[in-house]
Amino acid sequence: MKKKIAECWVGIHKADIYVIDTYGGGEIYFPTDDDSNIDIRIGICGTWDSAFTSLIHELMEITLLEMNKVYVHHMDESKYGTDNRMFMFDHSVFGEMCQRIASPISYVSILLKEAWKEYHSKKKVKKKKRKKK
């Protein structure tokens, strides 16, 4: 399942926020053209803390990319993946990043919590039905 729960601004970029039920964690898909939004996918099959952490992680990562605070050890990121990224910034940049993500976190976290609760309540109902059989 991939369900859109929000659209919001992350810095100068508009983002579509989706929940997915295939795993915990998060993903960012950047648009291939100027008219598209960033696609942020947050896994909701794990704990609430995991989903919320993934939201914060992805918003911070987009913001640091936008602020040019991401450094890559190897030029071919497609080969080495995002584990290759290093973030370097001072305390003033950290404060600015926090300011930039505060609004989308406060807005999206409410909708994410609702989607997470809905998913897990349906999951509990399915388990109860299986036990009755």
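So is T32 loosely packed, with under 13 Cβ neighbours inside 10 Å and either of a type in the set (G, A, S) or under 27 Å from H120 (Cβ atoms) (or both) or not?
Details: loosely packed, with under 13 Cβ neighbours inside 10 Å: yes; either of a type in the set (G, A, S) or under 27 Å from H120 (Cβ atoms) (or both): no.
Taking the combined requirement at face value, the residue does not satisfy it.
Looking at the structure I just gave you, is S36 among the small types (G, A, S), touching a strand residue (DSSP E or B) at 6+ places or on another chain (Cβ under 8 Å) and either over 17 Å from Q99 (Cβ atoms) or in contact (Cβ under 8 Å) with a residue 60 or more places away in the chain (or both)?
Values: among the small types (G, A, S): yes; touching a strand residue (DSSP E or B) at 6+ places or on another chain (Cβ under 8 Å): no; either over 17 Å from Q99 (Cβ atoms) or in contact (Cβ under 8 Å) with a residue 60 or more places away in the chain (or both): yes.
So S36 fails the test.
How do the pairs read when you match residues in segment 46-75 that are in contact (Cβ under 8 Å) with a residue 60 or more places away in the chain with residues anywhere that are among the aromatic types (F, W, Y), using Cβ under 8 Å and keeping only pairs 6 or more apart or on different chains?
W48/W116; A51/W116
Among the residues of segment 84-102 satisfying the criterion of being in contact with a strand residue (DSSP E or B) (Cβ under 9 Å, 6 or more places away or on another chain) and either among the acidic types (D, E) or surrounded by 13 or more Cβ atoms within 10 Å (Cβ to Cβ) (or both), which is farthest from E66 (Cα to Cα)?
Within segment 84-102, the first condition is being in contact with a strand residue (DSSP E or B) (Cβ under 9 Å, 6 or more places away or on another chain), and the residues that meet it are 84-88, 100-101.
Narrowing further to those that are either among the acidic types (D, E) or surrounded by 13 or more Cβ atoms within 10 Å (Cβ to Cβ) (or both): 84-85, 87, 100-101.
Details: N84: 17, R85: 14, F87: 12, R100: 11, I101: 12 Å.
Only one residue fits best here, namely N84.
Could you check segment 57-67 and list, in sequence order, the residues that are under 11 Å from the mean Cα position of the chain (by Cα) and surrounded by 17 or more Cβ atoms within 10 Å (Cβ to Cβ)? Reasoning before the result, please.
Here is the first cut: in segment 57-67, the residues under 11 Å from the mean Cα position of the chain (by Cα) are 57-62.
Hits for segment 57-67 are E58, L59, M60, E61, I62.
Bear in mind these aren't lab numbers, they're just calculated from the coordinates by the rules spelled out. Computed from a prediction, not measured in an experiment: that's the story for all the values here. Here Cβ is always computed from backbone atoms with ideal geometry, including for glycine, and neighbour counts include all displayed protein chains.
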